[in-house]
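All remarks here apply to the structure that follows.
The values are calculated or read from the model by the stated rules, or taken from the named source; none is laboratory data. This one's a predicted model, so the numbers in the text were calculated from it and none came from an experiment. Positions of Cβ are generated from backbone atoms using ideal geometry, with glycine treated the same way; all protein chains shown enter the neighbour counts.
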């Protein structure tokens, strides 16, 4: 019995020391998100950036690219702040036309969700296309240090890839799961709504249940 109790205590102690990950995390990607024939707003690439840290982050000097060491990074516009827990959208424009209003309408998003468009970025490539056959996406701080990245495979028309706030891949979005919905054009995703990582409390409960089962089986 003592051995089982010590095991339970060890599990709970480990869970209590699991760190809370914080910082900027890429939480959703629409790589040529597909939809209506002929293309339009719905067939433009976009991705979602979430601040999981304890403080707001000013994105001055931050940049991103879709291939390792490509040298064609897009530089974020000055004056954009992403608050704690906030998810913002980075969107490719369509035929030099702003897309924010249509994107909000398509997904039913409030005006509080920040949408940054390709035309707001500077650099060698203001919006590098996200490959439909698989690609990656990397975020860099003002010092050029990579602070977030994701890798994804071949895309499914109209369906986004999603990651939780810990950066764990959740695969393709499914309507009704993890906050994902179906847009007015039939796409599936959850722009502006990232998926929380499992909390320490939740992990603790799971560990406690596991430890209790171990004790019950051995007693």
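Just to verify a result, which residue in segment 174-194, among those that are assigned to a loop (DSSP other than H, G, I, E, B) and in contact with a helix residue (DSSP H, G or I) (Cβ under 9 Å, 6 or more places away or on another chain), is modelled with the lowest pLDDT?
Step one: filter segment 174-194 for residues assigned to a loop (DSSP other than H, G, I, E, B), giving 174-180, 183-187, 190-194.
The next check asks that each one be in contact with a helix residue (DSSP H, G or I) (Cβ under 9 Å, 6 or more places away or on another chain); those that pass are 183-187, 190-192.
Values: 183: 91, 184: 88, 185: 83, 186: 86, 187: 88, 190: 95, 191: 95, 192: 94.
Once the filter is applied, the top-ranked residue is 185.
Got a sec? Which of 59, 49 is surrounded by 17 or more Cβ atoms within 10 Å (Cβ to Cβ), over 17 Å from residue 158 (Cα atoms), under 15 Å from the mean Cα position of the chain (by Cα) and modelled with pLDDT of 85 or more? Steps first, please.
Numbers: 59 fails: under 15 Å from the mean Cα position of the chain (by Cα).
49 is the lone residue from the list that is surrounded by 17 or more Cβ atoms within 10 Å (Cβ to Cβ), over 17 Å from residue 158 (Cα atoms), under 15 Å from the mean Cα position of the chain (by Cα) and modelled with pLDDT of 85 or more.
Have a look at 128, 157 and point out the one that is in contact (Cβ under 8 Å) with a residue 12 or more places away in the chain, surrounded by fewer than 17 Cβ atoms within 10 Å (Cβ to Cβ) and in the same structural domain as residue 28 (by TED's automatic domain parsing). Don't jump to the end; show me each part of the working.
On the way: 128 fails: surrounded by fewer than 17 Cβ atoms within 10 Å (Cβ to Cβ).
The unique qualifying residue is 157.
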Exercise. Which residues, taken from segment 49-100, are in a loop (DSSP other than H, G, I, E, B), without any contact (Cβ under 8 Å) to a residue 24 or more places away in the chain and closer than 17 Å to residue 25 by Cα?
Worked result: 59
Problem set entry | Subset of segment 64-82 (residues that are modelled with pLDDT of 95 or more and surrounded by fewer than 13 Cβ atoms within 10 Å (Cβ to Cβ)) | 78, 79
For this session: Can you confirm whether segment 102-118 contains a residue that is modelled with pLDDT under 90, in contact with a helix residue (DSSP H, G or I) (Cβ under 9 Å, 6 or more places away or on another chain) and over 20 Å from residue 159 (Cα atoms)?
Result: no
